[in-house]
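Notes follow once the structure below has been shown.
Read-outs: derived from the displayed coordinates by stated rules, not from any lab. Note that the structure is predicted; figures quoted are calculated from it, not measured. Virtual Cβ from ideal backbone geometry, glycine too; neighbours counted across all protein chains shown.
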Amino acid sequence: MALHIQPHAEGATLPLRVQPKAKRNAVLGEQAGALKVSVTAPPEDGRANEAVLALLRDEYDLQRSQVELLSGQTNRNKVVLVRGVTPQQLAARIEGSGKA
């Protein structure tokens, strides 16, 4: 896996490639250094962004306060901050889930 997870003062940042209005919510794996994620929510009024954050929390056993969208609010390419974990710990969670 070649995800571009970066260290951050509060944890680690994770690049995402999001597919809104998909058939199901799912983590699809790595694509060009980013974690590809699909959500059923449309990209309107931040609904897809909320669905992405909820999916990440569920998939990787994270608390609501741990996951924050840093950039890409209106773009398919997003960067998420995951607080309280190192890049290595985040990579291990992603690899351990078998979804990357």
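Some notes on this structure:
- Scope region 84-100; condition hydroxyl-bearing (Ser, Thr, Tyr) and either closer than 19 Å to Lys21 by Cβ or assigned to a helix (DSSP H, G or I) (or both); matching residues: Ser97
- Under the condition of being more than 19 Å from Gln88 (Cβ to Cβ) and loosely packed, with under 13 Cβ neighbours inside 10 Å, the residues counted in region 22-45 number 6.
- Just one of the listed residues (Leu28, Leu16, Leu81) is assigned to a strand (DSSP E or B) and touching an Asp or Glu at 6+ places or on another chain (Cβ under 7 Å), namely Leu81.
- Leu69 in contact with a Ser or Thr (Cβ under 9 Å, 6 or more places away or on another chain) and among the hydrophobic types (A, V, I, L, M, F, W, C): no
- Considering only residues in region 57-86 that are hydroxyl-bearing (Ser, Thr, Tyr) and exposed (fewer than 15 other Cβ atoms within 10 Å of the Cβ), the one that is farthest from Ser97 (Cα to Cα) turns out to be Thr74.
- If the condition is being in a loop (DSSP other than H, G, I, E, B) and either more than 16 Å from Val80 (Cβ to Cβ) or within 12 Å of the chain's Cα centre (by Cα) (or both), then region 44-64 contributes Glu44, Asp45, Leu62.
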